[in-house]
Structures are given as C-alpha cells and as structure tokens.
1. Work out Dmax and Rg for the chain from the C-alpha atoms and quote the Rg first, both in angstrom.
2. For the charge dipole of region 9-311, defined by +1 on Lys and Arg C-beta atoms and -1 on Asp and Glu C-beta atoms about the Cα centroid, which residue among 60, 278, 233 has the Cα displaced farthest towards the positive pole?
3. Just name one of 112, 69, 92: the one whose Cα is farthest towards the positive end of the charge dipole of region 66-133 (beta-carbon charges, Lys/Arg +1, Asp/Glu -1).
4. Could you calculate the contour length gain from residue 19 to residue 111, that is, 0.36 nm times the residue separation minus the distance between their Cα atoms, to one decimal place in nm?
5. Compare the peptides 166-177, 191-202 by average per-residue count of other Cβ atoms within 10 angstrom and give them in order, highest first.
6. Treat every Asp and Glu Cβ in the chain as -1 and every Lys and Arg Cβ as +1, leave all other atoms uncharged, and give the resulting dipole magnitude about the Cα centre to the nearest 20 debye.
7. Could you go through region 185-193 in sequence order and give the Karplus-derived ³J(HN,Hα) for each residue, using 6.51 cos²θ - 1.76 cosθ + 1.60 with θ = phi - 60°, rounded to whole Hz, and x for Gly and Pro?
8. Amide H to amide H, which residues 5 or more places from residue 114 or on other chains are under 5 Å from it, using H placed in the peptide plane?
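Rule-based calculations on the coordinates, nothing more; no lab input. Note that this is a predicted model, so its numbers are computed, not measured. For neighbour counting, all protein chains shown are included, and Cβ atoms are generated from backbone atoms with ideal geometry for every residue, glycine included.
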Amino acid sequence: MKTRSQLDATTHSAVILYTAMVMLPVMLVVLPFWWTSLDPALLNIVTPIFMWLPALAALIAVKAVIRPPSTARYLAITPPRPLSRLLGAAVIVLAGAVALVGLTLFVSQALGFTRIDIVEWSGYRAGDPALTGEQARSEVMRTLAMLPLFIAGYLLLTTGEELGWRGFLHTALAQLGFWRTAVFTAALWVAWHMPLLVTSVHLGDIPWHDAIATSANLFLVSFVISALRARSGSVWPAAFAHAMLNTIILFGFTAFRTPIGANDHAGFWGFTVVGWFAWLIAIAIATAPWWKRWKPNPGTQQNLTIEMEGNQ
C-alpha cells in the first residue's frame, strides 16, 4: 500500500530517468576540461545550452513514462487564473528581490563586512578598472534602464530550467508533501550545478570558497522558488524568480558595494552569511502557509498528481 512518504513505481521510474538525463550530460561535457587544454571560455557557451536540458529531460520523462492526460498541466505550464495573480506574483518577486539586496547590503555595511559605494562605484568598476566613477555611474544607470530586457532574456533561459525542476520534478514529488519535495529538489538542483562549479575551480576561474558559497545559496534559493511554484500552481512565477536571481540580485550584490579582496575571507564569509540570513527570512515568508499547516485548494498543483492517477 502506497503512503504519503512513498512514490508510486511509475513516478519513481520517471524521477530516476529525469535525474540521469540531467546529470550525465553535464558530467560528460566537463570531463574534457580536466584532461585537455580546452579553452575555459567554452564553458560560458555550453552553460546557457544546459539551462534547457531540464526541460528536455522533463518532456521525455513525462511522455515516455508518466503519460498524463495533459503534459502542459503536469509541467505546470498553464499560468495561474486569473492572470492578475501572475502579474501580482511578478510584482511581489520583484519587490522581494530588491528588498533582499537592500537588506543584505545595509546589514553587511553595518557589521563592517562591506561598504555601499554609489559614489565611486568601485564594485562595478572592478570589472573594468579603466572606468572613472562618473563613467561607471552612467553605465550603471543605463544597465538599470535595460534591466527589463535583461530579465526577459534570462526568462527565456530560466524557463528551460524551471520546466524541469519546479515543473516536472515538483509535480512528480508533490505526493511526498511540500517540505520533502522542496528538500529533494534543492539538493538535486545543487548537485546539477556542482560539475560546472568544481570545473570552474579546477580551471582557476573561481576560488573554492566561491563554489561553496554558491552551492549554499542555490540550496536556500530553491526553497523560495519551490514555494512560489506550489502557491501559484504554475511554473511561471518560479521562472520569473529565477530570472530575478540572475539579474537584479547578482547585479545589486556587485554594483552597489565595494569589492571584497581575494584574501579578505572575513569580509567574504561575513557578507555571505548575512545573505544567507536574508534568504532564510525570504524562505520563512514564502513558506508561511506550510508553517500554519495550510491545506491546498483542490485545484492547485499540489493535488495534480493525485488527480492524474485517478484519470489514468
């Protein structure tokens, strides 16, 4: 007899197939970078391509194994109804991203880990030391004006990831309950990034502490994205939040503060830990319904797996 803590055999097989299809290609592609002198810049070319690998794996797993009445519903492609809910979710995610950046920067400055710099723009200029403070300010303003386009561009990529992680995988694991689903998704999401992160360390592109901090960040961020997916019943708020992570949050953490020196481990870990606490606050807010033992409405995505089993 199947319990809430178990997956049915079909779903279990689909999850294993999906995991293999997302993990193996990444591991195989990075191997030549360990054994040959391939140009490390090639990693920057394959990374955007890999962002659509989860969507492809999800589609194969759904079509070949799950075979639900509606693939679109299973992958949570259908936007929330009414459409105003989707727009409202986008506004909340945008405001949350700005608030998280601001909270992290101000607390880190108060604790002495970094300093907000909107005069000389030393953080932004770290990428191009030849810039003057005024030139950097002009470029930052132009970048801010272009952020909607950058977000739209990243949304094309993050949608590919989220169709797999918060689309297929969330639906497949939904019968386990939100917390088990969120933990498993977060762990697998981090594992999927690890080959690229470790290879970047091996190539000297990033230090070890960057890879460790990034992995922890991804684990925490995943809970917020999973909560958006579960509460909306749609993958689109998750994809939008992922795009926010790759644009507004990353830009805010680099452009508006002084850069942390390569050997300033206290500053690096201090700033990083403050960011973790900010993400924990975001998790507490996003997952509030589950802390209150909230029960989803019958039409939400959490019950989709059960509904589909009844239709098969």
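1. Radius of gyration, then largest Cα-Cα span, for the chain: 20.5, 69 Å.
2. Value: 233.
3. Farthest towards the positive pole: 69.
4. Computed gain between residue 19 and residue 111 is 29.0 nm.
5. Packing proxy ranking, top to bottom: 166-177, 191-202.
6. That gives the chain a dipole magnitude of about 1320 debye.
7. Result, rounded to whole Hz: 4, 4, 5, 6, 4, 5, 4, 5, 7.
8. Amide H neighbours of residue 114, under 5 Å, 5+ apart: 109.
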